[in-house]
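First, the structure itself, so that you have it in front of you.
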Amino acid sequence: MSKKRIIKMVYKALKTSDGAGVSINRSIGTQQLSVVDPFLLLDEFSSDDPDDYIAGFPSHPHRGFETVTYMIDGKLQHEDSAGNRGELQSGSVQWMTAGKGVVHSEMPLQENGLMRGFQLWLNLPAKHKMMEPRYQNLEPSDIPEIMEEDYKVKVIAGEFQGIKGPVNGVITDPVYLDVTINPETEMQIAMPDNHNAVAYIFEGAVDLGEGLIDRGNLIVLSNEGDLYAKSGKDGARFLVLAATALNEPIARSGPFVMNTREEIMKAYEDFRF
Ligand code: MN
């Protein structure tokens, strides 16, 4: 058994709203946990009440980081001011490196039914904050899924059991796994050392070393060793996210994340937002 990643802290996601009034559970990017370097924000949206999502995220800018949208259920339309347009459906991922700037909208393409997924913000290092924007649009069939008898793992970024995810060229070398585990099952997830790591539980409950933790909680892990997971009687589904820390100053305001206040002021000027 290799070294085991230990739990540093557990945070319950906070209910909040963003965009034009979309209900979300935010676990990173709050008063209690502003950042897990390089992760700046983690939002879960999950509702079958259209009032919770129908208003969507009308046109807004981003600069200085990457946004990763993972749809689990539902349909979302993405459109940016440069004319890039795409649909996110159940199981697809949009990895958008905003770099020097993108103005986009993210609007539901459904008027009822379940809408469920995640948005993650991943920081860029100072010298790449003003890079050209880049999109990696992944269809469900682009994302490998390792199916074992007791668990399955979708690999969006990084690798699991030697199978690599399709996301490439991201500076912080991220791992993004969606893990589903049957009831009362144990499994091991190999993780790269020196990566900051978190797990977000969104179905059931899982024990990562200190007892069962329920859905709606974010677990901040130590940065060495592998992850050992054991599910409760209802099984579990959780995200595992890891990446290299940047250890740089963070200046953030609304949709911009830079290194200094001056750069934030410049972003507001450039986008008149
Ligand atoms: Mn956005």
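Read the figures in this text as sums done on the coordinates, not as results from a lab. Only a predicted model underlies this, so the values are computations on that prediction, with no experimental measurement involved. Note that each Cβ is placed from the backbone with ideal geometry, even for glycine, and that neighbours are counted across all protein chains shown.
Taking the 0 to 90 degree range and rounding to the nearest ten, how far is the long axis of helix 261-271 tilted relative to the main principal axis of the chain, both from C-alpha atoms?
It works out to around 60 degrees.
Let me ask you something else. Could I have the simple spin-label model distance between Asp214 and Tyr228, label points 7 Å from Cα toward Cβ, reported in nm to one decimal?
If labels sit at Asp214 and Tyr228, their model points lie 2.6 nm apart.
How big is the range 151-195 on each of its three principal axes, counting only the C-alpha atoms and giving the largest first in Å?
Cα spread of the range 151-195 along its principal axes, largest to smallest: 37, 21, 14 Å.
How charged is the neighbourhood of Arg134? Take every other residue with its Cβ under 14 Å from the Cβ of Arg134, and add Lys/Arg as +1 and Asp/Glu as -1.
Values: positive: Arg63, Lys100, Lys129; negative: Glu66, Asp80, Glu132.
Charge balance near Arg134 sits at 0.
So what is log10(I(q)/I(0)) for the range 7-271 at q = 0.10, 0.12, 0.14 1/Å, when the Debye sum runs over its Cα atoms only?
-0.47, -0.69, -0.97
Could you work out the helix-only [θ] at 222 nm for the chain, with each DSSP H run of four or more residues adding -39,500 (n - 2.57) and the total divided by the number of residues, to the nearest 500 deg cm²/dmol? Mind showing how you got there, number by number?
Details: 1 runs with 11 residues, N = 273.
The per-residue figure over the chain is -1000 deg cm²/dmol.
Got a sec? Which residues in the range 197-239 would a label at Asp150 touch, if it sits 7 Å along Cα→Cβ and we count backbone N under 17 Å?
Answer for the range 197-239: 205-212, 227-238.
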